[in-house]
Amino acid sequence: MKKKTKTMPGRLRGPIAEDRAEQLDAAYQVLKAKGEPVTYLAIVQAMLEAKMWSNMEINPATALYRAILREIRTKGSTSRFRETAPYHFAAA
């Protein structure tokens, strides 16, 4: 009988993880193009208007906000993003 392997909760693999990476890449492109700090809601709106990313989430703005904060927290000074004010981000 095969032993079941447990995966860490919260760890994304496969297409879902790739979609999140694409979302962060698109957000970074938007921020570089704008050249100034904008809210995460404006980033999502620009991404959807430019068709850089398709809305696969129930709440894409919250998913993007959390993903950006997670990258800032985990990568520190090497992150592509920086938080300039509450809910406002700029390209690093």
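Each reported figure results from applying straightforward, stated rules to the coordinates on display, with no laboratory input. Please read all numbers here as calculations on a predicted model, not as lab measurements. Don't worry about glycine lacking a Cβ; one is built from the backbone with ideal geometry, like all the others, and counts go over all protein chains shown.
Could you point to the residue in 30, 78, 54 farthest towards the positive end of region 15-91's charge dipole, with +1 and -1 charges on the Cβ of Lys/Arg and Asp/Glu respectively?
78
Using only the Cα atoms of region 15-91, build the gyration tensor, take square roots of its eigenvalues as a ≥ b ≥ c, and label the shape rounded, prolate or oblate: rounded if a/c is under 1.5, else prolate if a/b is larger than b/c, else oblate. Mind dumping the intermediate values first?
On the way: a/c = 1.58, a/b = 1.20, b/c = 1.32.
Note, shape of region 15-91 comes out oblate.
Order by neighbour count: 77, 54, fewest other Cβ atoms within 10 Å first, most last.
Fewest-to-most ranking of 77, 54: 77, 54.
Compute the relative contact order of region 15-91 as a whole-number percentage, counting only Cα pairs closer than 8 Å that sit 6 or more residues apart in sequence.
Values: 73 pairs, mean separation 29.3, N = 77.
Computed value for region 15-91: 38 percent relative contact order.
Measure off 7 Å from each Cα along the Cα-to-Cβ vector at residue 59 and residue 90, then give the distance between these two points in nanometres to one decimal.
Once both label points are built, they end up 2.8 nm from each other.
Determine the gain in length on full extension of the stretch residue 45-residue 21; use 0.36 nm per residue of separation and subtract their C-alpha separation, reporting nm with one decimal.
Gain on extension, residue 45 to residue 21, equals 6.9 nm.
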